[in-house]
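I have placed the structure first, in the form of structure tokens, so that the comments after it can refer back to it.
Each reported figure results from applying straightforward, stated rules to the coordinates on display, with no laboratory input. Fair warning: this is a prediction, and the values are worked out from it, not measured in the lab. In this analysis, Cβ positions are derived from the backbone assuming ideal geometry, glycine residues included, and neighbour counts consider all displayed protein chains.
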């Protein structure tokens, strides 16, 4: 693996193939709390590390990731909020879900834009 970029690309594949609640949580958590500075910078790291050819091969997995974080009622943000609140009970459930939707949306949008070029 190559750091955060490798982890995120592997998690995209895992969410596509397994769809486990833990995978939804992991990807949103890393996008929100990475050392790179957020989801857009994490997406740029994926692009720089793996290139557009690898991203094109991951197009279906990215589309599915985006769909599963489309809104706060989607399975991704629900799974994220449930686990996050176990560890951070002082946070608001609605805010946790909204944060996950925004982070995954920014990540997927940045990668999709790179593939369109």
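Scan 48, 53 and give me the residue that is more than 14 Å from the chain's Cα centre (by Cα) and either without any contact (Cβ under 8 Å) to a residue 12 or more places away in the chain or on the phi > 0 side of the Ramachandran plot (or both).
On the way: 48 fails: either without any contact (Cβ under 8 Å) to a residue 12 or more places away in the chain or on the phi > 0 side of the Ramachandran plot (or both).
The unique qualifying residue is 53.
For the range 6-37, give me the residue count where each residue is closer than 19 Å to residue 64 by Cβ and either in contact with a strand residue (DSSP E or B) (Cβ under 6 Å, 6 or more places away or on another chain) or assigned to a helix (DSSP H, G or I) (or both). Give the steps one after another, and end with the answer.
From the range 6-37, those closer than 19 Å to residue 64 by Cβ are 7-31; that's our starting set.
In the following step, the residues that additionally are either in contact with a strand residue (DSSP E or B) (Cβ under 6 Å, 6 or more places away or on another chain) or assigned to a helix (DSSP H, G or I) (or both) were identified as 7-17, 21-31.
Residues meeting the conditions: 22.
Tell me, yes or no, whether the range 93-113 has at least one residue that is surrounded by 20 or more Cβ atoms within 10 Å (Cβ to Cβ) and either under 17 Å from residue 6 (Cβ atoms) or in contact with a strand residue (DSSP E or B) (Cβ under 7 Å, 6 or more places away or on another chain) (or both).
yes
Suppose we filter the range 26-44 for residues that are within 13 Å of residue 100 (Cβ to Cβ) and surrounded by 22 or more Cβ atoms within 10 Å (Cβ to Cβ); how many remain?
Looking only at that region, the number is 4.
Say we look at the range 64-77 and pick out the residues that are outside any loop (DSSP other than H, G, I, E, B) and in contact (Cβ under 8 Å) with a residue 40 or more places away in the chain; which of these is farthest from the chain's Cα centre (by Cα)?
Taking the range 64-77 as the starting set, the residues that turn out to be outside any loop (DSSP other than H, G, I, E, B) are 64-67, 75-77.
Filter again for in contact (Cβ under 8 Å) with a residue 40 or more places away in the chain, leaving 64-66, 75-77.
Working: 64: 11, 65: 7, 66: 8, 75: 13, 76: 9, 77: 10 Å.
Within the range 64-77, the match that is farthest from the chain's Cα centre (by Cα) is 75.
Name every residue in the range 79-117 that is within 17 Å of residue 11 (Cα to Cα) and over 10 Å from the mean Cα position of the chain (by Cα), in order of residue number. Before you say what the answer is, go through the steps one by one.
Restricting attention to the range 79-117, the residues satisfying the condition of being within 17 Å of residue 11 (Cα to Cα) are 79-80, 83, 100-101, 103-112.
Residues satisfying the conditions are 79, 80, 83, 109, 110, 111, 112.
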